[in-house]
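Here's the structure, in structure tokens; my notes come after.
The values are calculated or read from the model by the stated rules, or taken from the named source; none is laboratory data. Since the model is a prediction, treat every value here as computed from it, not as a measurement. Cβ: placed from backbone, ideal geometry, glycine included. Neighbour counts: every protein chain shown. Accessible surface is based on the protein model in full, side chains and every heavy atom, while ligands, DNA and RNA are left aside. Shrake-Rupley method; radii C 1.70, N 1.55, O 1.52, S 1.80 Å.
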Amino acid sequence: MTVLKSILEALAVGDALGMPTEFMTQTDIDRVYPEINGLLDPGKSYTHFELPYGSVTDDTEQNLYLARAYTAAGEITVENSAEALSRWVVECDAVAKKYIGPSSMKALNAIKEGVSPMEAGRSGTTNGGIMRTPSLVLCAGRGDEDHLLHCIRMGCIPTHHTSQAISAAAAYGFALRAILDGREIPEILEAAERGARRAYESVDYVAAAPDCIARLKKIREDLEEDASDERIRHLLFHVYGNGLESIDAFTVAMTVFLAKGKDVFGALKLCASLGGDTDTVGALTGALCAAYAGGHNIPEDILRTVIENNHLDLEEVARNIETTFWQ
């Protein structure tokens, strides 16, 4: 299933393309990076100026660590999710690189001190859960929606065991799975709504937060008359926000996916220009668009740079996922 490799490639490039602009405002992005047509100089970044050119961040690394752990075990559990994430923090020096999120750091430190992975993530509401959902969907394989929801929960619970985080992750995950199943936009949106509802009902730790599906519907209404890139940029950054919350990651990724469809590289460039958490939404949007396109249109030189500079084994990871979970 070559689409699995394309999804991982688009995820990694979306991450690397958005890395330099992460947590910049749109005003600063337009001044510092006036044209986004490829990988950007991280030396001009406000957050990741010490990272090498074309670097990926936690978005790619966590998905790959989890995918390797799941294919080795042949299943997704709370325990192997927590173990893989704990190894990732140490082996990738995530704290020093300044790209581990606050919920993940708090929960993984608690697990290190002996707290159960079932309890450590009770306060996790940020986007670390949805961030790693592409690997959870791919490693859920051909199972039904009950199995898919179970897998998403097992990957989120160690660090993001709240209704806000898991409902956004499931909304995204059910949408991605619908795309892989060959569904069209109305059914993809129905799947996202179903995933959000089922996940919310499955979690005991309810966070007081907006509904991710209601926000997505409102954004779509706001874009009915004008869905230009500039209008999308204005709404997603200045009105609704592209911060660390799970609801932001879901609605931004879905909005850009719905606007760009099979234009994977166009979607990634738009994500990098948004401001806020650009690398996370770039990775998530890249996975959606590549799944929908059944491939991607990322320029070969950009893809090669990201793979080589980060020593990524995406073909092997994709092959192992296919062999373990899709045959």
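Observations, loosely collected:
- The GNM of the chain, with springs linking C-alpha atoms under 10 angstrom apart, assigns the highest mean-square fluctuation among A259, A169, A290 to A259.
- Among 175-186, 121-132, the order from most to least packed when residues are scored by Cβ within 10 Å on average: 121-132, 175-186
- Span from the region 79-158 Cα centroid across to the region 283-327 one, whole angstrom: 21
- Coordinate range of the alpha-carbon atoms in region 147-271 per principal axis, descending: 40, 32, 23 Å.
- Too-long pairs where the Cα-Cα distance tops 21 Å, listed order kept, from K44/K269; K106/K218; K44/K98; K44/K106: K106/K218; K44/K106
- Set against the 2.2 N^0.38 Å expectation for a compact globular protein, region 137-212 has a Cα radius of gyration ratio of 1.02.
- Calculated [222 nm] ellipticity per residue, helices only, for the chain: -19500 deg cm²/dmol; basis is -39500 (n - 2.57) per DSSP H run with n ≥ 4, divided by all residues, nearest 500.
- Take every pair of alpha-carbon atoms less than 8 Å apart whose residues are at least six positions apart; their mean separation over the length of the chain yields a relative contact order of 29 percent.
- Overall dimensions of region 190-234 as given by Cα atoms, namely Rg and Dmax in Å: 13.9, 40
- Candidates A84, A208, A120, ranked by Gaussian network fluctuation over the chain, Cα under 10 Å, top entry: A208
- For the chain, the ratio of Cα radius of gyration to the globular rule of thumb 2.2 N^0.38 Å stands at 0.89.
- Here the peptides 261-267, 48-54 are ranked by packing, the mean other Cβ count within 10 Å, and the order with the highest first is 261-267, 48-54.
- Sorted on the mean count of surrounding Cβ atoms within 10 Å across their residues, most packed first, peptides 277-284, 247-254, 107-114 read 277-284, 247-254, 107-114.
- Accessible-area rank, largest first, for S202, S167: S202, S167, with all protein chains present and a 1.4 angstrom probe.
- GNM result for the chain, Cα springs below 10 Å: residue of A72, A12, A287 fluctuating most strongly: A72
- Cross-link reach is defined here as a Cα-Cα straight distance under 13 Å, omitting same-chain residues fewer than 8 places apart; for K5 the aspartates and glutamates meeting it are D313, E315, E316, E322.
- Normalised by 2.2 N^0.38 Å, with N the number of residues, the alpha-carbon radius of gyration of region 1-86 equals 1.33.
- Angstrom value of the Kirkwood radius, inverse mean 1/r, which spans all Cα pairs in region 210-327: 15.3
- With Rh defined as the Kirkwood radius, the inverse of the mean 1/r over Cα pairs, the Rg/Rh of region 209-249 is 0.96.
- When only the Cβ of Lys, Arg, Asp and Glu is charged (+1, +1, -1, -1), the dipole of the chain relative to its Cα centre reaches about 360 debye.
- Radius 12 Å from Cβ of G195, net charge of other residues (Lys, Arg +1; Asp, Glu -1): 0
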